[in-house]
Amino acid sequence: MLYTSAASLSLQTHLVDTPDDGGDTLTSVNDNGFLMPNLPDAPGIQGVRSVKIRDDDIMFCAFPKSGTHWVFEITRELLTGEIIEDDVTMTQTFMEYVHEEKYADLQSPRILNSHLLMKHLPEDVLNKKIKVITVLRNPKDVAVSFYNFLKTVPFAKYKGEWKNFLRPLFQGKFLYGSWMDYVIDWEQVKKTNPDLPVLTLFYEDMKQDQMREMRRICEFLGVERTDDFLSKVCDNTTLAAMRTHKNRENNRSSVFRKGGVGDWKNWFTVAQNEWFDQLYQEKMAGCHLQFKFTL
């Protein structure tokens, strides 16, 4: 069954068809006030909260379409010290997509993944102070990538036009809410939990100097890798290489689309850009983070 029926959902969840500015709707699941993908047999927030966290688990957190599949693959190879050419993706341990039983027996250390806020994650992420890697990408490219992704995945049932997508996206009306709220929430988590080991990566920095950022990841994980190995990781995690490896058993074309920086210039109209820049200044006024919108 491709879509979850309303009758099969718990009392705290229900299907939502949210219209964009042109009237086309995007289907999601309202899970206790938070919009989630409408996936069959997904564990939901309650299922995520109940996951048993190990002391050496690594939590990988990012808003959708922030380059998470790419950075996950890089991190996996740095952690294991192996060049990996398989079809495993971060979906294997995507906490709100698959039930815990699917990854409960994986060898430690596991890299767990989520697009959720800290309050939705298991309490032991904070209690056990496991390592957390967050990935941030400039929101304009996030918007373009998210739009193209949602147009291709069946669970969203979205057929809208770009011109009608941008405003409700940044107003938090679609899946996972507002990008601004997500970023600000995680910054607050870091501020109020200074003893939680968090590494913040910027997608654009990874694109600009992957070797430098991989050394940061290695230092955070407590592993040592040679420059020769890092160079091999670079070669094995190009968009072309990942498309080859990850498309063997499933169609991941919607995940590995372009992977660049600045594609938003091909999509944003002058009016959209002005509207977004004003909203960004209002919502992110107190945020110290600096994003690169071009390289």
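The values are calculated or read from the model by the stated rules, or taken from the named source; none is laboratory data. All values derive from a computational prediction rather than experimental measurement. We place every Cβ from the backbone using ideal geometry, glycine too, and count neighbours over all the protein chains shown.
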Exercise for review: Report yes if D141 is acidic (D, E) and surrounded by fewer than 16 Cβ atoms within 10 Å (Cβ to Cβ), otherwise no.
Suggested key: no
Point to revise | Qualifying positions in segment 36-53 - farther than 17 Å from Q92 by Cα and out of contact with any strand residue (DSSP E or B) (no Cβ under 6 Å at 6 or more places or on another chain) | key: Q46, R49, S50
Revision key, fill the gap. Checked L116, L175 against criteria (in a loop (DSSP other than H, G, I, E, B), in contact with a Cys (Cβ under 9 Å, 6 or more places away or on another chain) and within 23 Å of D17 (Cβ to Cβ)); the one match is L116
Review point. Here are some residues: G160, G172. Which one is small (G, A, S) and free of Cβ contacts under 8 Å to residues at least 60 places away in the same chain?
Key: G172
**Study point:** Where a residue in segment 51-75 is free of Cβ contacts under 8 Å to residues at least 40 places away in the same chain and closer than 24 Å to K129 by Cβ and its partner, wherever it lies, is in a loop (DSSP other than H, G, I, E, B) and of a type in the set (D, E), with Cβ under 8 Å and at least six apart
**Key:** none
Practice item. Could you please find all residues in segment 217-240 being under 17 Å from G67 (Cα atoms), outside any loop (DSSP other than H, G, I, E, B), in contact with a helix residue (DSSP H, G or I) (Cβ under 9 Å, 6 or more places away or on another chain) and not charged (D, E, K, R)? Key: I217, V233, C234, N236, L239
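Do we find a residue being under 18 Å from the mean Cα position of the chain (by Cα) and under 18 Å from E213 (Cβ atoms) anywhere in segment 120-131? Working first, answer last.
In the first step, residues of segment 120-131 are kept if they are under 18 Å from the mean Cα position of the chain (by Cα); the result is 120-122, 125, 131.
The next check asks that each one be under 18 Å from E213 (Cβ atoms); those that pass are 131.
The answer is yes, given that some residue of segment 120-131 is under 18 Å from the mean Cα position of the chain (by Cα) and under 18 Å from E213 (Cβ atoms).
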**Study point:** Any pair with Cβ under 8 angstrom, 6 or more apart, that starts in segment 283-295 at a residue that is in contact (Cβ under 8 Å) with a residue 12 or more places away in the chain and more than 15 Å from F170 (Cβ to Cβ) and ends at one that is loosely packed, with under 15 Cβ neighbours inside 10 Å and among the acidic types (D, E)
**Key:** none
Practice item. Give E213, E282, E274 a once-over and let me know the one that is at pLDDT 95 or above, in contact with a helix residue (DSSP H, G or I) (Cβ under 6 Å, 6 or more places away or on another chain) and either over 22 Å from P109 (Cβ atoms) or buried (at least 18 other Cβ atoms within 10 Å of the Cβ) (or both). Key: E213
Practice item. Out of V29, V48, V88, report the one residue that is part of a loop (DSSP other than H, G, I, E, B) and at negative phi. Key: V88
Point to revise | For Y176: the one exception among (1) at positive phi; (2) surrounded by fewer than 19 Cβ atoms within 10 Å (Cβ to Cβ); (3) of a type in the set (S, T, Y) | key: (2)
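Sort out which residues of segment 124-151 are assigned to a helix (DSSP H, G or I) and among the β-branched types (V, I, T), and write them in order of number.
Correct list: V125, V142, V144.
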Review point. Out of all the residues in segment 153-160, is one or more hydrophobic (A, V, I, L, M, F, W, C), within 25 Å of G222 (Cα to Cα) and surrounded by fewer than 20 Cβ atoms within 10 Å (Cβ to Cβ)?
Key: no
Review point. Would you say D185 is buried (at least 20 other Cβ atoms within 10 Å of the Cβ), in contact with a helix residue (DSSP H, G or I) (Cβ under 9 Å, 6 or more places away or on another chain), of a type in the set (D, E) and in contact (Cβ under 8 Å) with a residue 24 or more places away in the chain?
Key: no
Check your understanding: With V144, V189, V153, V183 as the choices, which residue is of a type in the set (A, V, I, L, M) and in contact with a strand residue (DSSP E or B) (Cβ under 7 Å, 6 or more places away or on another chain)?
Key -> V183
Point to revise | Members of segment 35-71 found to be at pLDDT below 95 and hydroxyl-bearing (S, T, Y), listed by number | key: T68
Review point. Would it be correct to say that G222 is closer than 22 Å to E82 by Cα and without any contact (Cβ under 8 Å) to a residue 60 or more places away in the chain?
Key: yes
